[in-house]
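Worksheet: the structure to be examined is printed underneath.
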Amino acid sequence: MSFENNPFATRSTLEYELPPFAFIKEEHYLPAFYAGCEEQRQEIEAIIAEPTITFENTILAMEKSGQILSRMLHVFYNKSSSDTNSTLDAIEAEIAPKLSAHQDAISLNPQLFERIKTLYGDRDQYNEEDSWLLHKYYTDFIHAGAHLTESERDLVTSINEELSKLQAEFGKRLLADTKDLAVVVDSVKELDGLTDNQIAACAAAARDRGFDGKYLINAVNFTGNPLLASLTNRGLRQRVMEASLLKGDRDNANDTKELIKETTKLRAKRAALFGFKNHAEYQTSNQTAKNPENIHAMLTKIAKSARANAEKEAVVLLTKAREPIESWDWAFYTEQIRLEKYNLDSAAMREYFELEKVLRDGVFFAATKLFGLTFKERKDLITYHPEARAFEVFNEDGSKLGLYIGDFYTRDSKRGGAWMNNLVNQNKIFNQLPVVCNNLNIPKPPTGEPTLLTLAETKTLFHEFGHALHGLLSNVKHIRTSGTNVERDFVEFPSQVNEMWMLWPEVLDNYAEQYKTGEKFPQAWRDSLAESGTFNQGFETTSYLAAAILDLALHEITPDQEIEDVREFEKQALERYGLNYSPVPTRYRSTYFAHIFAGGYSAGYYGYVWSEVLDADTVEWFKESGGLTRANGDHFRKELLSRGGSIDTMQLFRNFRGRDAVPSELLRRRGL
């Protein structure tokens, strides 16, 4: 097959340069990958061969390089995370180390680095956006190791290749083990407490796996399961929780413990080459936190109060339980207390959160009120999966803004969790508008039944759409600084801010209706949700902090240290912080911590609470400034969302807020 006929060979001619999914086949990926690597290699060689050094023939030329590769990777990694199979797994295993080597050949090239360094010395002569791009390239190359000796660069390259293999393998094993740990239930009587809709979803999941006449509770990526809040059968709750805690930790073909040992050791070894004590120091050096000490200083302030609050909550739960509270009991009895204390019935609440209403009359409505955006579903556009829906997004004046793709349902071929991907990055170099995707894992009901969301799933949809807005509203010159291309511990900030609109009265009025009767969300529930803002925050904060601390501990080992027993290491790390509390397990155990072993959050999971300081302060600004108004939306868009990472991100926050963030609002929000 001639490469000229490969769908990735040229820019898409479809609207918004949407990839031509109707023509993309699995056999197109590898040829495009190798052709793309070769094209970019030649482009980089041409840059180095230029006798003069200018911003245009170096930095701008690098921005423009690798377009075939970029097109292929955007499509491939979106597909492999949302709808994988054995063929795609094999392709990922093949390209992971080769992509790492290709990227290292660029970022560790000493001649290229000399050009960047020369320009960096005169960076003050450029405009703000170009100067910051130059700063980003310079720091990227330093962080990659371009300043190291030749032998050190070679070692970095080999380590990166091995790490890329380990990361791909971790994701593959975890997906397989998560699927395998689904709990099969023989009798509907065991599902007492679930709604008819939830039971029907379990029956459909069982049929899809060939368990006709039975029921299946699929495992989720984090610790626990949303159904634990409703199941009255304690034995089944225990089965579900224990299966959840075992993901990647069964000493079988899908066990991840050895991958963890190898990964953390290699990361520590690489950090030492850069002069850092450990990977956590290396990784945070180019984040807003700057170093692990700053992170520990913040987390330490929160951890003690969080654990104390969790223990107080457990005492209250004991008033409802007949036995000591275990991890599989917490959600169940919490729901009883929530109902008794605040009259909040989570199961009944789901009937007011129908997916289509939440999406169109909640998520989209808030974006319309705040930013003037409008949305039009484009059923004529073919996406990467039949369940992935495309929406055209317009500015208030009717001009085109971009394309939003929503892929909301869980499936065995999709990795767990929820995330946002780009298929096309907004930039002015190629005059490209953004194409962004949101992936969630909502259980799909039987045909003809409504998709009813939990409060948590509704919050997740608002959260992920906050990431999508960051990509859609981007209005920058360069690809490197487009949209969500910001520091890892800043990227969650805009998405967390967008969660506030879920319960904003004007938004809630518009979407939360009982799906059969049209009854509005009861005022008593609204009041109770406001009153219960700090309810169960001891659990929530302890569970999250335990994962953040575990992440740091795993990446604060030095090259001469060995993790001999992953389970024991995990236990000791949590005990040092006082967070080893069995009724409240860490949100992610090491063996299924995909954020840090199959994603980009290594030594960075703290970023959620770090960003929440900015988020809580911003929410307070919106409340003080009149809430959901176009003026507020325009200010947030102009000063922050549209700027991507085109200037220093903390300066972006100061430009928006008028000052640095203060943590008091976060502490108040979490009842700490």
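General observations
- Globularity index of the stretch 1-123 is 1.20 (Cα radius of gyration / 2.2 N^0.38 Å, N = number of residues).
- Cα-centre dipole for the chain with unit charges at Cβ (Lys and Arg positive, Asp and Glu negative), debye to 20: 880 debye
- Translational diffusion coefficient (Stokes-Einstein; Kirkwood radius from C-alpha pairs) of the stretch 46-180 at 37 °C, 0.692 mPa s, in µm²/s: 195 µm²/s
- Mean accessible surface per residue for the stretch 81-207, computed with a 1.4 Å probe while every protein chain stays in place, in Å²: 44 Å²
- In loop segments of the stretch 425-516 as defined by DSSP, the trypsin sites (Lys or Arg not before Pro) with at most 15 further C-beta atoms inside 10 Å of their C-beta are 428, 516.
- Using the empirical formula 2.2 N^0.38 Å as the baseline, the Cα radius of gyration of the stretch 294-397 reaches a ratio of 1.70.
- Förster-model FRET efficiency, 56 Å R0, residue 56 and residue 411, C-beta, rounded to 0.05: 0.75
- Computed over all pairs of different Cα atoms, the Kirkwood value for the hydrodynamic radius of the stretch 360-467 is 14.9 Å.
- If you bin all the Cα-Cα distances of the stretch 228-340 at 10 Å, starting from zero, the percentages per bin are 12, 23, 24, 27, 13, 1.
- Karplus 3J(HN,Hα) series, Hz, for the stretch 338-353 with 6.51 cos²θ - 1.76 cosθ + 1.60 (x for Gly, Pro): 4, 5, 5, 7, 10, 6, 9, 9, 4, 5, 5, 4, 4, 5, 9, 10
- Cα-based helix-to-principal-axis angle, 110-120 vs the chain, degrees rounded to 10: 80 degrees
- Seen against the Cα atoms of the chain and their longest principal axis, helix 150-180 is set at about 30 degrees.
- Rounded to whole numbers, the Karplus 3J(HN,Hα) couplings from phi for the stretch 40-45 are 5, 4, 5, 5, 5, 4 Hz, using 6.51 cos²θ - 1.76 cosθ + 1.60 with θ = phi - 60°, and x at Gly and Pro.
- The chain, accessible surface, carbon-and-sulfur percent (1.4 angstrom probe): 50 percent
- When the charge dipole of the stretch 354-439 is built from unit charges on Cβ atoms (+1 for Lys and Arg, -1 for Asp and Glu) and taken about the Cα centre, the candidate among 365, 432, 394 whose Cα reaches farthest toward its positive end is 432.
- Nonlocal Lys pairs with alpha-carbon distance under 30 Å, the stretch 91-211 (8 or more apart, or different chains): 9
- With only Cα atoms counted, the stretch 157-264 has Rg and Dmax values of 16.6, 56 Å.
- Angle between the chain longest axis and helix 566-576 axis [Cα atoms, degrees, rounded to 10]: 80 degrees
- Rg and Dmax over the alpha-carbon atoms of the stretch 574-655 stand at 17.7, 48 Å.
- 23 Å Cα-Cα threshold exceeded, pairs from 265/304; 357/444; 25/376; 369/414; 414/571: 265/304; 25/376; 369/414; 414/571
- Using the alpha-carbon positions of the stretch 462-584, Rg (one decimal) and Dmax (whole number) come out as 20.8, 65 Å.
- Positive-end ranking of 118, 410, 156 along the dipole of the chain, with charges on Cβ about the Cα centre, is headed by 410.
- For residue 432, distant residues with modelled amide H under 5 Å away: 427
- Cubic angstrom per residue, convex hull over Cα atoms of the chain: 158 Å³
- MRE, 222 nm, helices only [DSSP H, n ≥ 4, -39500 (n - 2.57), over the chain, to nearest 500]: -16000 deg cm²/dmol
- Selection from 308, 166, 607 lying farthest towards where the dipole of the chain points positive, charges on Cβ: 308
- Cross-link reach list, lysines versus residue 341, counting only Cα pairs under 23 Å and skipping chain neighbours closer than eight places: 312, 320, 459, 520
- P(r) of the stretch 114-187 over all Cα-Cα pairs, binned every 5 Å from zero, in whole percent: 3, 13, 13, 11, 11, 10, 10, 8, 7, 5, 4, 3, 2, 1, 0
- With 5 Å bins beginning at zero, the pair-distance distribution over Cα atoms of the stretch 23-87 amounts to 4, 16, 22, 18, 13, 10, 8, 5, 3, 1 %.
- Along its principal axes, the stretch 498-555 has C-alpha extents of 51, 20, 20 angstrom, given from the largest down.
The values are calculated or read from the model by the stated rules, or taken from the named source; none is laboratory data. These numbers were taken from a predicted model, which means no experiment stands behind them. So basically every Cβ, Gly included, is an ideal-geometry build from the backbone, and we count neighbours across all protein chains shown. Note: areas computed on protein heavy atoms with side chains; ligands, DNA, RNA excluded. Shrake-Rupley method; radii C 1.70, N 1.55, O 1.52, S 1.80 Å.
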